[in-house]
Structure formats: structure tokens, C-alpha cells
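The values are calculated or read from the model by the stated rules, or taken from the named source; none is laboratory data. Remember, it's a predicted structure, so these values are computed and weren't measured experimentally. Cβ sites come from the backbone with ideal geometry, for glycine too, and all protein chains shown count toward neighbours.
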Amino acid sequence: MNVQAATDQALQMRKNIITMLHAAGSGHPGGSLSCTDIVSALYFGGVMNYDPLNPDDPNRDRFILAKGHAAPALYAALAQAGFFPEEELTTLRKLGTRLQGHPDSTLLPGVEVSTGSLGQGLSIGAGLAAGLRLQKSPARVFVVLGDGECEEGQVWEAATFAAFEKLGSLIAIVDTNGLQIDGQVDQVCASGTLQDKFASFGWEVYEVDGHDMAALIDLFTTLKNSDTPAPKAVIAHTVKGKGVSFMENQVGWHGKAPNDEQTEQALAELNGEVSRG
Amino acid sequence: MVKLASPEQSQEKKATRAAYGKTLAELAAEGLPIVAVDADLTGSTTTKAFAQAAPENEERLFNVGIAEQNMVDVAAGLSLAGNIAFTGSFAVFGTGRAYDQIRNTVAYSNLNVKIAPTHAGISVGPDGGSHQMLEDISLMRGLPRMKVLVPADYAAACSALRLAAKTPGPVYVRMGRASVPAVYAPDVELEVGRAYVLREGSDVSIIACGVEIAEANKAADLLAEEGISAEVIDAFSIKPLDAETIVASLEKTGCAVVAEEHSIYGGLGSAVSELCAQQCPMPLELVGMRDRFGKSGEFEELMEYFNLDSQALVQAVKRVLERKQH
């Protein structure tokens, strides 16, 4: 049941992402669409514990979008979950909005911390997990990073710290879509695999199809209920631009809003009115 | 009038950094949810003293190793769980190495994180220019939401740390390694947004902070021998700056020397210049590091070498008095 609900919500998120980016005239569709199923599984798959009417509930699980440029995915999830009205989504990036180009926690309920400068979210999540442990809180901390983001050295400072501190309640999910602004991650500047890296830092490492909703919910639920001391890394294999045929695996759709015609086509595809090109 | 050190107390010299671990331990003992995050300098910054002060403090000190960027964001995360998180390192790394973390996470999210590094300025001495942080006030002052406190002595540092803990949001407290004479009474309680007139005068205002307060006091004594009456003001809270106290002094004396163990770009000299230009234009002379890095040497030698000592202040006062007369 959770799988169907999360699948339906993910579809709605994708429509919202396209609609709000079109309204904004700028933003990041590719990386928003690649992490949509991951975010939907957490919020709508029965994984995370949260209360939109009480966003500061001390027992809530925490979500940090380290790859802050995927803000439209987070905003769509938060609106659909009831943190704020869905109509507000089309104010994205406009003067006076609570929906800043990158998440601003001082403005929008449900955003735990402002992000946008890559490489910081995992450290914040590690500190948060350590702080929750001091309070004997059972809450879990989920951090969604990008695979390009893992080029930031600070990610590995955080990986060392989290393993050393045995922060088993910290769950890092790497939206591994294989692309970054300048091209393929493995052709820009890369060595080794994220699986090997996290494993060598002392993390439990899991791999999953980042668009298989049942598998995502199953894995996240297992990790949430795990009491092992090691932090957990999930390498989620995803497709940048997932769900919109002409955006899929296209590096050019990292940071560009769809025009009127492209928006119409994208929404038609998502609504199942046309077959994917 | 703020409580100043007695003549006997002012003979005592102590480094401002010595206040750090001890004051954190006191605040924790009072029931505040203090945590400290350090980067392999728990002895130098004295956070070790915090951890050792009580058994329950031990798990509240996090040593992230040599990883200052992680240090600041781990502190950010700890603050999100309801803690008052202090970060410490040498000022050069604690602010410069982690500037983006301080800007984009701590200040932009308005988190309850205190940036409280030690070893600021040339008072680090023999370690040389790589370790002598002379741009930190500038970096921190430029950040929205960040408050900037520069204690002049040990008692002021204790007070600054208490203020930091009790003031919601980001606060910068600049501490040093050099031993400095006591200026304030041991139990002094200073305030955010206040400057303190340490000595009244009528010919010139000397507005200073940190280790320059001791030099300003010495300079005022030397000037008095020549019949020049200098008012000495401790601009303890560089941001927010106490415009009222400073403008009142400037309007009384008609000129000022601003002194800091920091670059003249972006620090106290800039802050007072901005205020003066907008509210009471008059001659100012700036004493500080003039667009250069520090170098190895003993603290006192460097103060003289870089024209930051009391003699340099006396010369600056004479220059500004000359300009005032024309």
C-alpha cells in the first residue's frame, strides 16, 4: 500500500517540479527528478516519522537535502505532505517567496537546515545524529547527496567522523545519476567507486535501483530499524531527469527550466497522455 | 561605570584563550546544553579542560581531527538538536578554512553556533604569518546575523563566552595566545553592543580592542606626561558596534586613533571609519596591519616591528592631533 501511495506521490511530485520550474523560469530539473523517488519513499512510503502540523516535533526523523539545488523535489514533497499549501509551489524563486532557489530553513517549515553549498549536508547530518544521540532520541537522520557532490573533500571528513563516532542512525543516500554540470561524473574528475570509498571509511554500504519504489521503501525501512553502530550509505542508481523523456540522461537539463512547449510535453508524458518519445 | 581591575589585579597577566574551556565547563555546570567541537587542538584551545571538568562533559566534546570544515558543520548539526555548539581552532583555520561553512550553514540558517577560536592575530608569534590570522574580524563582521566580540583580557573573555552562550544565533569570539594584563575586574559582566570608556580624556579618543587595549592604556599614560588627555575606549562589541558611546566620545575629543591587532581593512578601524564618516566626520588615524602578512618573532617584538605598540599609538595620536588643528 505504501508502495502505491509513494509511487502516486512521486508522479505528483514530478508534475509539480515541472510546473514550478516552468513558472520560475530557472532552476534544476535534472537532479530534482533523479531524487524524486528517493524523497517520495522517505516521505510517503511510511519510512520517516514526521508531523506537518508540528514540524518541530522533537521525535521526528530528520531529512537533509545536501544537494540543495534539488530543492523543487523537497518543496513538492513538503507541500504534498501538508507542510504548506501546494499553490505556493509556483512562487519558487520569485521575490518574496519562502521557496528560495536553494532551501532556506529560516523561511520554510519542514526544511531542517539551509543547503546549497555542496559538501556540507553530511557533516550537518553527522552532527545532528550525534546531538540526537546525546538526548537518547530514537530519531534517524536521512541525508540525500549527489554523486557529483561527493567530489567535495568535506564529504569524506564527515564520512570519517560518522564512522569513528559510530553514528548508526545516520543514513546517507547518494543520488547517483552519473552526471554533473560539466558532463559525466566519471569524465569530469573521479577515481574509484563510491561503494568502495564508503566501505573503506567503515560504513555499511547498500546499492539499490533509485527508481524501484518497493526496493527503496524496503531498504530504507530496514536501515531505519537497524541498530548496528556503523553509519549507512545507500548508493541509489538513478537517471538524471527521470520521468521526462527528453530530459533523461541529458547533462543540459541540469540547470535549465522548460519552456512552454517543453512543459506541455513533459506534463503530457507524466499524465500518460502521450507515449514517451 | 564598568568594573575595572584594581591596580594589583592589573599586574596579573593571562591569555584570553585560557577562559575558553573553563567558561564552557561553568556554563555546562549551570545547566546549559553546551557542546564543543574541536579540530585536534583540544590542549591549545583548552576544550580539554571543558571535557575534564565533569564526567558528563566528556561525551559533549567532539574532536573531529584536522578537519575544520567538518568541525563547523558538525557543530551546526549539534545545534539543530538543541545544543549550544562552540567551535574552536586557531583563528586562521577556524574562520578562514571554514568560511563557507560559517557563511552558508551557520549564518544563513541562523544557527546557535559560536565561532570561538583562539590564537588570533600576531600574538601567535614564532609560528609565523601562516598562523597569524589578521583578517578574521573582517570575515566575520561581513556576515549577516554574526555578532563579533573581541575581549581585551581574561575576564572579558569569560564574559564574552557567557554572552555568546546566552545570545541566540551565531556569535564570533576572538581569543589570543599571548598573556595580557587584566583590564577588568575578574567578575565583570560585559554586554553585546556595548563599548566601554576605560579612561576619560578630552583631546583624543583611542578606540581599541583585544591586546591593543593594554597598549592604549600605556599610550594614554605616556601622552599624559606630555599634557595630552586621551580617552580610552574598549570597542568590545565590534558588531553590533556601540555607536552612541563612540560618537559621544568623538564629538567630545574631535579626533580618534583606532587600534587593532588585525588588518586595517574590514576590522575595527573600518567599522569606526564607517560610523564616523556617516555620523560625525572628523580626523581618524588607523593603527593595525597595513595590507601585509605577519612573520615569525616574539609577540612583543612583533608589536613593535609592525607599529602596533604603545609608541606607535603615541605617534598616531600626534598625527591625528595635528590634523585636528588644521
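Being within 13 Å of residue A:121 (Cβ to Cβ), surrounded by 24 or more Cβ atoms within 10 Å (Cβ to Cβ) and in contact with a Cys (Cβ under 8 Å, 6 or more places away or on another chain): is that true of residue A:144 here?
Spelling it out, residue A:144 is indeed within 13 Å of residue A:121 (Cβ to Cβ), surrounded by 24 or more Cβ atoms within 10 Å (Cβ to Cβ) and in contact with a Cys (Cβ under 8 Å, 6 or more places away or on another chain).
May I ask you to verify whether residue B:214 is under 21 Å from the mean Cα position of the chain (by Cα) and either more than 25 Å from residue B:139 (Cβ to Cβ) or surrounded by fewer than 17 Cβ atoms within 10 Å (Cβ to Cβ) (or both)?
The answer is no for residue B:214.
Look through B:106, B:180 and report the one residue that is over 18 Å from residue B:211 (Cα atoms), surrounded by 24 or more Cβ atoms within 10 Å (Cβ to Cβ) and in contact (Cβ under 8 Å) with a residue 24 or more places away in the chain.
On inspection, the qualifying residue turns out to be B:106.
Report, by residue number, each residue of segment B:61-81 that is at the interface with chain A (Cβ under 7 Å from one of its Cβ atoms) and assigned to a helix (DSSP H, G or I).
B:69, B:70, B:73, B:74, B:75, B:76, B:77, B:78, B:80
Anything in segment B:1-57 that is in a strand (DSSP E or B), among the hydrophobic types (A, V, I, L, M, F, W, C) and either touching a His at 6+ places or on another chain (Cβ under 7 Å) or closer than 19 Å to residue B:95 by Cα (or both)? List them, or say none.
Listed by number, the residues that qualify are B:35, B:36, B:37.
Does residue B:51 satisfy the condition of being away from chain A (no Cβ under 12 Å), in contact with a Leu (Cβ under 6 Å, 6 or more places away or on another chain) and buried (at least 19 other Cβ atoms within 10 Å of the Cβ)?
yes
Could you run through segment A:126-142 and say how many residues are of a type in the set (D, E, K, R) and at the interface with chain B (Cβ under 9 Å from one of its Cβ atoms)?
Summing the residues that are of a type in the set (D, E, K, R) and at the interface with chain B (Cβ under 9 Å from one of its Cβ atoms) in segment A:126-142 gives 1.
Can residue B:68 be described as more than 22 Å from the chain's Cα centre (by Cα) and either modelled with pLDDT of 95 or more or surrounded by 24 or more Cβ atoms within 10 Å (Cβ to Cβ) (or both)?
Criteria not met by residue B:68.
Is it true that some residue in segment A:33-51 is aliphatic (A, V, I, L, M), more than 14 Å from chain B (Cβ to nearest Cβ) and over 25 Å from residue A:128 (Cα atoms)?
yes
If residue B:125 satisfies every condition in (1) at positive phi; (2) part of a loop (DSSP other than H, G, I, E, B) but one, which is the exception?
Here residue B:125 meets the rest and fails (2).
Collect the residues in segment A:149-175 that are assigned to a strand (DSSP E or B) and acidic (Asp, Glu), keeping them in residue-number order.
Across segment A:149-175, the qualifying residue is only A:175.
Only residues in segment B:142-168 that are under 22 Å from residue B:28 (Cα atoms) and in the same structural domain as residue B:32 (by TED's automatic domain parsing) count as the first member; pair them with residues that are at pLDDT 95 or above and among the acidic types (Asp, Glu), Cβ under 7 angstrom, at least 6 apart or cross-chain, and list the lot.
From segment B:142-168, the pairs are B:159/B:189.
Condition check ((1) of a type outside the set (A, V, I, L, M); (2) closer than 30 Å to residue A:136 by Cβ) across all residues:
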{"position": "B:80", "(1), (2)": "no, yes"}
{"position": "B:85", "(1), (2)": "no, yes"}
{"position": "B:96", "(1), (2)": "yes, no"}
{"position": "B:112", "(1), (2)": "yes, yes"}
{"position": "B:133", "(1), (2)": "no, no"}
{"position": "B:136", "(1), (2)": "yes, no"}
{"position": "B:152", "(1), (2)": "no, no"}
{"position": "B:172", "(1), (2)": "yes, no"}
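Give the residue, chosen from A:245, A:191, A:226, that is surrounded by fewer than 18 Cβ atoms within 10 Å (Cβ to Cβ), among the hydroxyl-bearing types (Ser, Thr, Tyr) and closer than 23 Å to residue A:36 by Cβ.
Unique residue meeting the criteria: A:245.
Would you pick out the residues in segment A:84-125 that are facing another protein chain (nearest Cβ under 7 Å), in contact (Cβ under 8 Å) with a residue 40 or more places away in the chain and not acidic (Asp, Glu)?
Those that are facing another protein chain (nearest Cβ under 7 Å), in contact (Cβ under 8 Å) with a residue 40 or more places away in the chain and not acidic (Asp, Glu): A:113, A:114, A:116, A:117, A:120, A:124, A:125.
Which residue, of B:220, B:178, is under 26 Å from residue B:72 (Cβ atoms) and touching a helix residue (DSSP H, G or I) at 6+ places or on another chain (Cβ under 9 Å)?
The unique qualifying residue is B:178.
Check every one of the helices (runs of 4 or more DSSP H) wholly within segment B:243-326 and list those with 1 or more residues that are free of Cβ contacts under 8 Å to residues at least 60 places away in the same chain and under 20 Å from residue B:135 (Cα atoms).
B:268-279, B:299-305
Which one of the conditions (1) at pLDDT 95 or above; (2) out of contact with any Ser or Thr (no Cβ under 6 Å at 6 or more places or on another chain) does residue B:124 fail to meet, given that it meets all the rest?
(1)
For residue A:157, state whether it is within 14 Å of another protein chain (Cβ to nearest Cβ), under 23 Å from residue A:219 (Cα atoms) and among the charged types (D, E, K, R).
Criteria not met by residue A:157.
Limited to segment B:183-198, what total is found for residues that are surrounded by fewer than 18 Cβ atoms within 10 Å (Cβ to Cβ), without any contact (Cβ under 8 Å) to a residue 60 or more places away in the chain and touching a helix residue (DSSP H, G or I) at 6+ places or on another chain (Cβ under 6 Å)?
Number of matching residues: 1.
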